[in-house]
Amino acid sequence: KIKAIFELLYGCALRVSELCSLNIGDVDFQNMSVKVLGKGSKVRIVPLGSKSAKVMEEYLNTIKDASFNKPLFADESDNRITRHSIYRIVKSYLSKVTDIDKKSPHILRHSAATHMLDREADLMAVKEILGHENLSTTQIYTHVSIERLKKSYKKAHPKS
């Protein structure tokens with residue numbers, strides 16, 4: 001369950017609220033996508049990578065009653081998982097592997113966006129994946145990538 005949560009937060013760059021609202025039927029292995037209910041009740045389709053799909057298949061095989069409209073992530077009482085639970089899980093696991101100050105689920109979304117842009121993903125495609133209404137919101141992540149590019153240049157280029 002933990003692995004699947006991290007996989008969707010980072011692999012699909014989901015917001016916590018989007019993750020919490022997912023139902024089992026929202027994961028579409030045939031089309032390798034996830035149907036996400038985003039901000040403003042807007043539905044978008046997010047690509048599901050092959051590694052994420054494998055993790056999700058393994059996770060779904062552990063669910064006894066995997067009916068279409070059942071919450072994808074539930075607590076011990078079979079209720080939909082809460083934002084607070086996700087924050088607690090992410091903070092706990094990130095604390096084991098990093099000393100960064102901010103250990104929120106949003107850092108995984110931020111990292112996913114930055115990594116896509118670092119690998120030269122199209123800005124408009126990243127905007128759609130993130131579910132941003134305005135391109136300017138997505139462009140915030142390009143600043144991080146440009147700063148990383150400058151550091152690499154200064155470190156490695158003989159004329160820097």
Seminar exercise, completed: Taking the range 55-86 and keeping only residues that are touching a residue at least 24 places away in the same chain (Cβ under 8 Å) and among the hydrophobic types (A, V, I, L, M, F, W, C), one is left with VAL55, MET56, LEU60, ILE63, ALA66, PHE68, LEU72, PHE73, ILE81, ILE86
For this session: Taking LYS35 as the residue in question, decide whether it is without any contact (Cβ under 8 Å) to a residue 40 or more places away in the chain and in a strand (DSSP E or B).
Result: yes
For this session: Just name the residue that is least open to solvent (accessible area, probe 1.4 Å) out of those in the range 78-96 that are assigned to a loop (DSSP other than H, G, I, E, B) and closer than 20 Å to ALA13 by Cα.
Result: ILE81
Problem set entry | Index of the failed condition, SER104 passing every other in (1) surrounded by 14 or more Cβ atoms within 10 Å (Cβ to Cβ); (2) in contact with a Gly (Cβ under 7 Å, 6 or more places away or on another chain); (3) not in a helix (DSSP H, G or I) | (2)
Exercise. When the residues of the range 8-34 are filtered to those that are of a type in the set (Ser, Thr, Tyr) and in contact with a strand residue (DSSP E or B) (Cβ under 9 Å, 6 or more places away or on another chain), which remaining residue is surrounded by the fewest Cβ atoms within 10 Å (Cβ to Cβ)?
Worked result: SER17
Exercise. Tally time: how many residues in the range 1-32 are over 17 Å from LYS91 (Cβ atoms), of a type in the set (Phe, Trp, Tyr) and in a helix (DSSP H, G or I)?
Worked result: 0
For this session: Within the range 79-86, identify whether any single residue is modelled with pLDDT under 75 and of a type in the set (Gly, Ala, Ser), and answer yes or no.
Result: no
For this session: Tell me which residues, restricted to the range 59-68, are of a type outside the set (Val, Ile, Thr), surrounded by fewer than 10 Cβ atoms within 10 Å (Cβ to Cβ) and modelled with pLDDT of 90 or more.
Result: ASN61
Exercise. So which residues in the range 35-58 are closer than 15 Å to TYR10 by Cβ and surrounded by 11 or more Cβ atoms within 10 Å (Cβ to Cβ), if there are any at all?
Worked result: VAL36, VAL46, PRO47, LEU48, GLY49, SER52, ALA53, LYS54, VAL55, MET56
Exercise. Hey, among ASP75, ASP99, which residue is loosely packed, with under 12 Cβ neighbours inside 10 Å and in contact with a Ser or Thr (Cβ under 9 Å, 6 or more places away or on another chain)?
Worked result: ASP75
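The values are calculated or read from the model by the stated rules, or taken from the named source; none is laboratory data. Since this is a predicted model, take the numbers as computed values, not measurements. We place every Cβ from the backbone using ideal geometry, glycine too, and count neighbours over all the protein chains shown. All accessible areas refer to the heavy atoms of the entire protein, side chains included, with ligands and DNA or RNA removed. Shrake-Rupley method; radii C 1.70, N 1.55, O 1.52, S 1.80 Å.
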